[in-house]
Structures are given as structure tokens and as C-alpha cells.
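K.L.:
Okay, here's the structure, questions in a sec.
The values are calculated or read from the model by the stated rules, or taken from the named source; none is laboratory data. The model shown is predicted, which means the values in this text are computed figures rather than measured ones. Cβ sites come from the backbone with ideal geometry, for glycine too, and all protein chains shown count toward neighbours.
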Amino acid sequence: MPPRKGRHPRRKGPGGPRRTSRVAPDAVPGTAPGRHREGLLGPSVEALVRSLLSSLRTVAAPDDPARALAVEVWADRMAETVYGPEQMPADFYADLAEGFLASGDDDAPAALAALALVLDHRDAAPLRRAHAAHRATLPADDLSDLGIGRATVTSTLEISHPQGDGVSLVLELDQPGTPHTAAVYVDLTLGGLATDLLLGPAGAGRPAPDDGEGLEVGSVAPAVARARAERALELTDHTVEPPMTPGADEARGAVQRRLALLPAGGEVEEVEPLDPDAIEALVEAFLDSPEAAALEEHERDEAGWLLDPWLDHATGHAIGDPHRVSPMLVERFCLDWYPREVIDDPSAAAAAPAVLRAWTHYAARLTDLDDRWRDEALEAVDLYAPALAAALGAAPGPGRVDDLDADLGALVEQDDEGDPSGEGDAARLLAAFDRAGQGSTWRPLQPPPPGPREVHWEVDAADVVPEVATKVEAICLQASYAADQLLGPAFVQPAVDLAVAVGRLDPSPLPHTRDDEWASAVVWLLADDSGAFAPGTAGRTRDDLAGALPASQATVTGRVTEVRERVGLAPGDLAVRW
């Protein structure tokens, strides 16, 4: 059939000749079509193959029983470099595969198999096809490629502990020459984040029957195991600086590929936080118990004020039975959640040791918990509960900002019986800076004038998007306070201006990060640009200032970099004369 008039048979589309990524035969004299040209993309293919194989040989000894797993993780690291999508043309991968097979190296089949497994983007399709074609020529029991890419799941397990801090979702796999285990640890005390990943030899995820740790092993439906593990990983991905076990990320790709071997469609049971009526009923049931009857009268009076946030934390922030007994739950409630979320309540904090001990005995009795695990939680109560009062912060001393004339807007929402001034909320927001400042070696740039003083500031609602207005107001309050205390009065208004500028950025990270991280970054930026740091001078080093801020130095410097890049600040732009 002749071509239609007006369209050239060798042309694709209206705009020109058919495009191809192949190297034209006459592009480089003496080269074959499609051959990778030395100098076009770096070293020759032969040199690149030698370099890759040399790198591979450093990851595990030849006789290591888990060598196949190490090679796969090595391929994941390679995928994060120049082998990502749209970084190399498809012909490069065809030549790379040919180079591996032509090298005759004993490690070449394993390297090719690992890269074919890991590089799943379109550009690497020629490499995957070359590996599949090569594999088809080999006997089924050939292990020159270490069996990489041929794993099958034999069982899915759930491993838990009576204290309920977390669940390990374990996949046991059979791979020719390398039976192994992959697992995802779901931390229930952190709301279901995946905080650790495992890729190891067979049996690595199973506890020994007589290990004495009380771990319980049960089976879980494969589709459900996949859904729960993927949900935990998704939550971790949406968490700023998640508390992952160091090195766990290296196994991420391999673990996810094994999860993908399981059937999809599993459902994850949604756990809803308890509503206030349910919490009140649980507190009333405790107050009617013999454990509560043994408390002093003033301790019983405070029990509701303490157990209300305890149950909110145990079932809203954490996941699990409201009567769960765990030393980790105690630690995180006392040292982190309660001081951050609860307005200063010294009387409840003073009653905390007795009330939490009574609650622990009560909850352990209801759940028939072994005395060993109950006693571990009681030890945690004795260790951490007395710190609650100190964790709530001290009252401002001489020279501090006693009168904070700030419009907190939606930040202060008091009921009829609450504090209409909002001073409790302000004190809670500033407590972290007060605690960090106690015992600090940092010397302020300007001495504070004697007596209390007022700091006036306000945030124009038009300056920030409504969704983060409350967050920005809190950051402004903390930044102005910290700048006043740590730098001096001249730094207060620049701190507010910069805090508002942070609110004009893409607001998506703000709801998922702590206010004091951004406020600390504001103070750090002002100090740095104003020449405050004097290496070798006592009280004026970066370490000195880091010790006076509630966020870690690594977190603060990360936020500083983010603010500089997104606001467009060069070093020195925020210099303040002091």
C-alpha cells in the first residue's frame, strides 16, 4: 500500500526524521552501530566492567553464605549513582551487559543478575533482556549468578512481645543457594513507623525457643503482611527524620522487592484513637479499683488529670491496647510526649510516680501480664516519672521576657474554666528553650537589661497560608524569645521577620516538624550572619550555642541550610549590628 500523500515513509510525525538513541554507523569511523563510544559517557565499557567487578568483590568474601544478599545490596547502591532513570541511554545498558558476559569473570553473572534485578527503569530494559537470555542458556541448578532474582516466599510470620512495643513482620524465603529472611519492624509506640529492616540468613528473624525474651511467633496472611509492612514504610517516608536504626536503609530496596512477591490486596485494620468518653470511662474504672484505693487522696484527685493524657498517648500517638504495660511507653510519655503536649501542671506531675505505679499494677492485672514484664515497666516509672516536673520547665528568671504580648490566635483555645490569658500555652511553648538554656555555656551577645520587659510582635494573616498560621505564630513566639535570651534585644524583630519568611515557604513540611527546630534555626542563622561565633573563645562557639538550643546541632544546621536555600539567603544577609 503506497504511503499517504504528504507523509514521508521514513519520517515519524510532522517534525522530522525518526529519532533513535542508537549511535549511527558513521558517527565514529570504525565503530559498529549502537556501540558505546569511549569518551562519550566516560570510560570504555571494558574498563567500567572491571571497575564494577572490583567494587563488587569488596562487599563479601567468596565463601560468605549471605554473599548473594550483599551483592544485591551493592547493586542497590549502584542504582543510586549514575545508573538511575534517564542518566544513561538504553544502548549503554546493552553494551554493559555484553561487557559483563564477555569478561569471563566468575563474578560477572552475579553482577549482571543483581543489576538486572535492581535497575527496573525503562532505559535498563536491554540489560534485563540480556540477563534473561543468558539465564535461559544455563541449567536450572546453575548458581553462577548466586540465584539472585529467583527468591520465593515460603512463609510469613508475625513476631511480637507481651509488652506490645512493636511487631516484626518476617518473610522466610528460599533462593537457590541462599535461603534467607527479610523483615520489617513496626514500632507501635511510635504510631506504626517502620524503624528497622532486616535482610539476613535463614532463621535470622526467628527467636530461639529458649531465649527467655518472651517473644511470640505466629503466622500472618501473606497479603496482610505485605499491606501492613508497606503502610509502615509509607508512614516512615512521610515522617521528618524518622528514628530508623542506623544502616537499616541499605536493606530497603531488597526488602521491598521481597514484599512485592506477596499477593496484593491485603487490608490493614484501622485503629482509631479513643474518644474522650471512652477515656473517661477507663479512668473511672481505674478509680474504682483496689490499686487506686491505695493512693493518697491528693494522688487520686490528680489521677484523672494524668491518666487522660496517658491514655491519649497510648491509643492516639501510639498503637495498642489502652491497658498495655511497657517501659518504652513510660519513657516516651514522661520524657517526650507529656512535656510537649501538656500545659504545665505541677500538682499532676508531682503525683505521677504514685499514679503511674498504681496504673501499671492495675493494667497488668487486667491483662494477666507476667510479673517480669510488669516489673520492667515499674522500674521505668521509678526512673522517669519523677522527671516529669523538671521536664515541664522552670519559671522565667530575672531579665527574661515575662510579659509576652503576642496574639497567639488559634494557638490559645481555652474553655470556660481554662486560663483566658493563654500564659500557660506560652510557657509550654517556651519551656524547651528554658530547659536547654539551664547550664548552657553560651554567652549572649548583648546583656539583657534588668527586670521584665515586653516583646511586641504580630503576624499578618496575609503573610502565610491559613493552614500553617498557628504553626508560624508558635515559631515566631519561640524564635523571638530565644533570640532575646541568647543573642540580645536587637535580634528580636529580625527573628520574627525570618520566622514569618519561613511561613511563606512551601508549608507542607511545617505540620510534620517541631516548632523549636525552625525557631532554633532562626537563632542560629542570625548568630552566624552577625559574626557571633568566635572559634576558640569560651562561650562563643557553635557547640556552645548548640548546647543552648532544644533541637540537636545536626537538625538545626539542616534546617538552616533549608531556610537559606528556599528563602535565597547568602551568608551575611541577616547581619545584625550588636
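K.L.:
Just checking, does the range 344-351 include any residue being in a helix (DSSP H, G or I) and either under 22 Å from the mean Cα position of the chain (by Cα) or among the charged types (D, E, K, R) (or both)? Write out each step before concluding.
P.N.:
Initially, the range 344-351 is screened for residues in a helix (DSSP H, G or I), giving 346-351.
Now narrow it down to the ones that are either under 22 Å from the mean Cα position of the chain (by Cα) or among the charged types (D, E, K, R) (or both): none.
No, every residue in the range 344-351 fails to be in a helix (DSSP H, G or I) and either under 22 Å from the mean Cα position of the chain (by Cα) or among the charged types (D, E, K, R) (or both).
K.L.:
Now, a different point. Looking at (1) at pLDDT 95 or above; (2) exposed (fewer than 15 other Cβ atoms within 10 Å of the Cβ); (3) out of contact with any strand residue (DSSP E or B) (no Cβ under 6 Å at 6 or more places or on another chain); (4) farther than 22 Å from Val330 by Cα, which is the one condition that is false for Ala285?
P.N.:
The single condition Ala285 does not satisfy is (4).
K.L.:
Just for the range 97-112: of the residues that are touching a Phe, Trp or Tyr at 6+ places or on another chain (Cβ under 9 Å) and hydrophobic (A, V, I, L, M, F, W, C), which one is surrounded by the fewest Cβ atoms within 10 Å (Cβ to Cβ)?
P.N.:
This residue is Ala108.
K.L.:
In the range 121-150, what residues are of a type in the set (Asp, Glu) and in contact with a Lys or Arg (Cβ under 8 Å, 6 or more places away or on another chain)? Explain how you work it out, then say what you get.
P.N.:
Initial filter on the range 121-150 (of a type in the set (Asp, Glu)): 123, 141-142, 145.
Residue satisfying the conditions is Asp145 alone.
K.L.:
Scanning the range 528-556 for residues that are among the hydroxyl-bearing types (Ser, Thr, Tyr) and in a loop (DSSP other than H, G, I, E, B), which turns out nearest to Pro243 (Cα to Cα)? Give the steps one after another, and end with the answer.
P.N.:
Step one: filter the range 528-556 for residues among the hydroxyl-bearing types (Ser, Thr, Tyr), giving 530, 537, 541, 552, 555.
Imposing the further condition that a residue be in a loop (DSSP other than H, G, I, E, B) reduces the set to 530, 537, 541, 552.
On the way: Ser530: 33, Thr537: 34, Thr541: 28, Ser552: 14 Å.
By that ranking, first place goes to Ser552.
K.L.:
Just to be sure I understand, how many residues within the range 557-576 are of a type outside the set (Asp, Glu) and assigned to a loop (DSSP other than H, G, I, E, B)?
P.N.:
Result for the range 557-576: 8.
K.L.:
All but one of (1) modelled with pLDDT of 65 or more; (2) surrounded by 16 or more Cβ atoms within 10 Å (Cβ to Cβ) hold for Val455, so report the exception by its number.
P.N.:
Unmet for Val455, out of (1) modelled with pLDDT of 65 or more; (2) surrounded by 16 or more Cβ atoms within 10 Å (Cβ to Cβ): (1).
K.L.:
Can you list the helices (runs of 4 or more DSSP H) found entirely within the range 18-122 that contain at least 3 residues being modelled with pLDDT of 90 or more and touching a His at 6+ places or on another chain (Cβ under 9 Å)? Step through it out loud before you land on a result.
P.N.:
On the way: elements: 45-56, 67-79, 90-103, 108-118.
Per the criteria, 90-103, 108-118.
K.L.:
Still on this model: Quick one: what pairs do we get from the range 283-312, first residue part of a loop (DSSP other than H, G, I, E, B), second hydroxyl-bearing (Ser, Thr, Tyr), C-beta under 9 Å, 6+ apart or different chains?
P.N.:
Sorted first by the residue in the range 283-312, then by its partner, the pairs are Ser289/Tyr362.
K.L.:
Considering only the range 301-319, how many residues are crowded, with 18+ Cβ neighbours inside 10 Å and of a type in the set (D, E, K, R)?
P.N.:
Going through the range 301-319 one residue at a time, the tally reaches 2.
K.L.:
Still on this structure, I have one more. Looking at (1) touching a residue at least 24 places away in the same chain (Cβ under 8 Å); (2) outside any loop (DSSP other than H, G, I, E, B); (3) surrounded by fewer than 19 Cβ atoms within 10 Å (Cβ to Cβ), find the lone condition where Val271 falls short.
P.N.:
(2)
K.L.:
On to the next question. Looking at the range 534-557, which of its residues are out of contact with any Asp or Glu (no Cβ under 8 Å at 6 or more places or on another chain), surrounded by 15 or more Cβ atoms within 10 Å (Cβ to Cβ) and not hydroxyl-bearing (Ser, Thr, Tyr)?
P.N.:
Arg540, Arg542, Asp544, Leu545, Ala546, Gly547, Ala548
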